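Chemist: Below you'll find the structure I mean.
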Amino acid sequence: MDGRERLRAYLEQRREMGESEFMLDGMSVVEALAAIDKLRPSKPPQTSRSTNVKAPEPAPVPAPLRGVAEGHRAQSFDARPQAAAPFGTHETAKSSSPATDDLAARFAQGIVIGSAGGTLFEQNPYRDVASLAELAKLIDACTLCRLHETAKCAVPGEGNPDADFMCVGEAPGANEDETGHPFVGQAGGLLTKILAAIDLSRDQVFITNVLKHRPPANRNPLPDEVDACSPYLVRQIQLVKPKVILALGTFAAQTLLETKTPIGKLRGAIHRYHGIPLIVTYHPAALLRNPAWKRPTWEDVKLARLVLDSSK
Ligand code: SF4
């Protein structure tokens, strides 16, 4: 695969993730220029007096582009790097979080879906399911959409049933499909680090996805699958009663907020999902592909932590 094909594959991947914005992921100026040089049409071979001139060495393919072709590399969530502040203690998070008086402005920027006293929960077909465990049994046996036919098992979600903080991703991947647990593997490990950075353990939060069975080959969920599965998520939210929801990635954010707005424009605001503050950030799997998003993710989770603290 030449440089042009690598760049195309990289951009296709970003587009499939719903991203319309493009940043040079951690590439230095020299690396970026080298990539551009590699895409230029090569000059016709020179003759006569130039025969003694040594041809330039091919420019190396920058690391971010190599990563696309060679698979994802494990990354530690040590994104503070660019920020001088250390990353990993709650005190640090609080000390550099947005000012509390900034919260009103952030709420004003957010999308409001439903109201705290709305009818969403009352209309839910699972409104009489009394516990998360009981709901998980229904999910395990669910055949409402085609995904149960290809998935190995259901991944209902797990965590503290009384959590104040709830994480919602898109759908199970291969590792989750093997184990039945949400957010395992590299992306799951990164989520654990992200939560630890704001002084939350996985035992303290509830983690789930919009879809409870894995789409084949991790393809995008289809609208009828989302329609069939969403009531489970709604009931989970109703049972857990979180004080903050963290939507991980484009799909979860756009589904919960009923919008097609790109994630880059949803971040930074505090939205409301039936009265519950909702913060949007990048999916951990996206961070593995794009380390440049770790810094904005850190800003997002600091905001989520501040909203959580302010709710107590
Ligand atoms: S993805 Fe959701 S709606 Fe589809 S079969 Fe699984 S639990 Fe049922």
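Each value in this text was obtained by applying a stated rule to the coordinates, not by laboratory testing. Bear in mind that the values here come from a model prediction, so they are computed numbers and not experimental data. Using ideal geometry, Cβ is built from the backbone for each residue, glycine included, and neighbour counts are taken over all protein chains shown.
Chemist: Hey, fewest Cβ within 10 Å first, where do Tyr232, Tyr273 land in order?
Modeler: The fewest-first ordering by Cβ neighbours comes to Tyr273, Tyr232.
Chemist: To the nearest 0.05, what FRET efficiency results for Gln123 and Ala292 with a Förster distance of 35 Å applied to their C-beta separation? Intermediate results must be reported in sequence, preceding the final value.
Modeler: Values: r = 41 Å, r/R0 = 1.18.
Result of the calculation: an efficiency of 0.25.
Chemist: Quick one: which of 117-125, 103-111 comes out on top by average Cβ neighbours within 10 Å, and what's the full order, highest first? Kindly include the intermediate steps, with their values, before the conclusion.
Modeler: Numbers: 117-125: 12.4, 103-111: 14.2.
Ranking, from highest mean packing down: 103-111, 117-125.
Chemist: Report, in listed order, any pair from Lys212/Lys243; Lys152/Lys241; Lys265/Lys294; Lys137/Lys243; Lys241/Lys312; Lys265/Lys302 with a Cα-Cα distance greater than 20 Å. Intermediate results must be reported in sequence, preceding the final value.
Modeler: Working: Lys212/Lys243 22 Å; Lys152/Lys241 29 Å; Lys265/Lys294 16 Å; Lys137/Lys243 25 Å; Lys241/Lys312 14 Å; Lys265/Lys302 18 Å.
From the list (Lys212/Lys243; Lys152/Lys241; Lys265/Lys294; Lys137/Lys243; Lys241/Lys312; Lys265/Lys302), the Cα-Cα distance tops 20 Å for Lys212/Lys243; Lys152/Lys241; Lys137/Lys243.
Chemist: Hey, another quick one. Among DSSP bridges having both ends in segment 80-310, what percentage is antiparallel? Round to the nearest 5.
Modeler: Numbers: 5 of 19 bridges.
Percent antiparallel among DSSP bridges in segment 80-310 is about 25.
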